[in-house]
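First up is the structure itself, then whatever we jot down about it.
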Amino acid sequence: MTILYEVETSHTSKVLKAFARLYNEKTKNTKKIMFRYFFAAAILLTVPRAFDVSDTERLVWWTLGVIVAVVGLTRNQLSYLGFLYRDPYYRNGIKIKMSFGHSGFEVKDGGREKKSYKYNLIRELYSDGGIYFLHMEDDDLFAIPKEDFVSGDPEKFYDFMQNATRKEFEGVNLNFKQRLFKKRMEMAQAAMDEKKEGK
């Protein structure tokens, strides 16, 4: 295999934080989960008003309501802490070497044997500006930080992967301004499509 791009990386805390955000954004129904957390918190906060409870009981109900709301707001951080605890690559400092060729790529982690993947096995491509994510059909998720490229231009890798997989990178972990811009672009595209259908 002719190597076009080569990456030597590891699971750093930065990578695991990005994993946690991506995990909560793409693998969970975030809006529904957040609604449930805040609905439960609202119930816990209003129970003392609905019933005649003592001051101590009121404090307990309010404390529980605040705890549920805080858990809802800190899901990314809690996922990150879970990854820190469970991820053997992070805990053991295992290095991951990825080599990308014309028809596929190879992954070698630590002292293990190489695993080869074809580009058609990639389900989704994600990018958050500093890290590329390759979501595979078998639910593996590879993180490729731009600063970990040993050979090949990380900026050109973006176009290379889109051409090789015939898929587009989807932006994740966007800030509010980027999400607003994306939403406006989607609305403009929908309006243009509507005009075309109306003709």
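The values are calculated or read from the model by the stated rules, or taken from the named source; none is laboratory data. Keep in mind that this is a model prediction, so the values were computed, not measured. Positions of Cβ are backbone-derived with ideal geometry, glycine not excepted, and every protein chain shown enters the neighbour counts.
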Long-range neighbours under 6 Å by Cβ, at least six apart or interchain, first residue on the phi < 0 side of the Ramachandran plot and outside any helix (DSSP H, G or I) within region 175-199, second modelled with pLDDT of 80 or more and of a type in the set (Val, Ile, Thr): none
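Can we say Asp109 is within 23 Å of the chain's Cα centre (by Cα) and surrounded by 13 or more Cβ atoms within 10 Å (Cβ to Cβ)? Full working, then the answer.
Working: within 23 Å of the chain's Cα centre (by Cα): yes; surrounded by 13 or more Cβ atoms within 10 Å (Cβ to Cβ): yes.
Spelling it out, Asp109 is indeed within 23 Å of the chain's Cα centre (by Cα) and surrounded by 13 or more Cβ atoms within 10 Å (Cβ to Cβ).
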Hits in region 112-163 (condition: hydroxyl-bearing (Ser, Thr, Tyr), buried (at least 16 other Cβ atoms within 10 Å of the Cβ) and touching a Gly at 6+ places or on another chain (Cβ under 7 Å)): Tyr117, Tyr119, Ser127
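Being among the aliphatic types (A, V, I, L, M), free of Cβ contacts under 8 Å to residues at least 60 places away in the same chain and in contact with a strand residue (DSSP E or B) (Cβ under 6 Å, 6 or more places away or on another chain) is the requirement here; does Val107 meet it?
On the way: among the aliphatic types (A, V, I, L, M): yes; free of Cβ contacts under 8 Å to residues at least 60 places away in the same chain: yes; in contact with a strand residue (DSSP E or B) (Cβ under 6 Å, 6 or more places away or on another chain): yes.
The answer is yes for Val107.
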Selected residue (only one of Val53, Val47, Val68 is without any contact (Cβ under 8 Å) to a residue 12 or more places away in the chain and over 30 Å from Met161 (Cβ atoms)): Val53
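When you check Ala42 against the structure, is it out of contact with any Leu (no Cβ under 9 Å at 6 or more places or on another chain), small (Gly, Ala, Ser) and surrounded by 15 or more Cβ atoms within 10 Å (Cβ to Cβ), yes or no? Explain how you work it out, then say what you get.
Details: out of contact with any Leu (no Cβ under 9 Å at 6 or more places or on another chain): yes; small (Gly, Ala, Ser): yes; surrounded by 15 or more Cβ atoms within 10 Å (Cβ to Cβ): no.
Answer is no for this residue.
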Any hit, region 50-59, residues being more than 30 Å from Phe149 (Cβ to Cβ), of a type in the set (A, V, I, L, M, F, W, C), modelled with pLDDT under 85 and surrounded by 13 or more Cβ atoms within 10 Å (Cβ to Cβ): yes
Lone unmet requirement of (1) hydroxyl-bearing (Ser, Thr, Tyr); (2) free of Cβ contacts under 8 Å to residues at least 12 places away in the same chain; (3) within 17 Å of Pro145 (Cβ to Cβ) for Tyr85: (3)
Pair list, Cβ under 8 Å, 6 or more apart: region 129-157 residue within 15 Å of Lys97 (Cα to Cα), other residue surrounded by fewer than 16 Cβ atoms within 10 Å (Cβ to Cβ) and among the basic types (Lys, Arg): Pro145/Lys14
